[in-house]
Amino acid sequence: MAGDGRAPTPTGLRVVMFPFPFGRHITQMLQLGELLLARGLGVTVLHTAFNAPDPTCHPELTFVSIRESLPADVVACPDMVEQMMALNAACEAPFQAALAEQLARGGHQALQGPGEVAYVVVDGQWYKMLGVATRVAVPALALRADGAATFLSMLATPRLVADGYLPIKGTSFFSFPSPCVEGTL
């Protein structure tokens, strides 16, 4: 058991993880990776070059770039939903190629991490990657890095739009006053 002083028993299986390339998404995925590693699973973290995690902070995990090529307008996009959709579109094919490569390596431990791929864990924001996992016939789990309140607000948004509450007429997201008052920082 993790934390009881005993070394984990290697299972010969490996989990492939793919965090969304933003702070808390990466952090929570790597924390899960550490827990899985403590349970004897090998962990390979596929990642984008955009906001890539620092492998020196987790030397026991294996990091592999999907080698995507993101257009500058995707990286600089101020609209988070549009950016998420563009990231999904730009990373779908490179992720599929990287995942297929990991599956092909199977039990070849000297090549890239230990053991056969048991399943893939993708961030919930990578909605297209769940489809990729289905196409290559590997079980997949989605890890949500946001809280219950965010999830509930996402569920409520279509109804608020349908009922005419959103978007608020004559405003934009950036027109609301800042909660910071000059001199308080």
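Based on other C-beta atoms within 10 Å, arrange Thr48, Thr11 from fewest to most. Present the calculation step by step, with values, prior to reporting the outcome.
Working: Thr48 21, Thr11 15.
Arranged by neighbour count, lowest to highest, Thr48, Thr11 become Thr11, Thr48.
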With label points set 7 Å from each Cα along the Cα-to-Cβ direction at Asp79 and Ala156, the distance between them in nm comes to 2.4
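Most exposed first by the Cβ proxy, i.e. fewest other Cβ within 10 Å, how do Cys77, Cys57 rank?
Values: Cys77 16, Cys57 8.
Fewest to most other Cβ atoms nearby, the residues stand as Cys57, Cys77.
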Check: C-alpha center the stretch 28-79 vs C-alpha center the stretch 132-167, spacing in Å is 22
So what are the radius of gyration and Dmax for the Cα set of the stretch 13-147, in Å? 14.0, 42
List the residues whose amide H sits under 5 Å from the amide H of His47, counting only those 5 or more places along or on another chain, with H placed 1.01 Å from N in the peptide plane. Val64, Ser65, Ile66
Order 14-20, 69-75, 39-45 from most to least packed using the mean count of other Cβ atoms within 10 Å. 14-20, 39-45, 69-75
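Can you tell me how much longer the chain between Glu60 and Ala149 gets when fully stretched, taken as 0.36 nm per residue apart minus their C-alpha distance, in nm with one decimal?
On the way: separation 89, 0.36 × 89 = 32.04 nm, distance 3.37 nm.
Working it through step by step, the gained length comes to 28.7 nm.
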Between Glu101 and Leu130, what is the label-point separation in nm under the 7 Å Cα-to-beta-carbon projection? 2.6
Treating the beta-carbon of each Lys and Arg as +1 and of each Asp and Glu as -1, no other charges, what is the dipole magnitude of the stretch 13-147 about its Cα centre, to the nearest 20 debye? 380
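Each value in this text was obtained by applying a stated rule to the coordinates, not by laboratory testing. Predicted model only: the values in this text are computed from it and were never measured. Neighbour counts run over all protein chains shown; Cβ positions are idealised from the backbone, glycine included.
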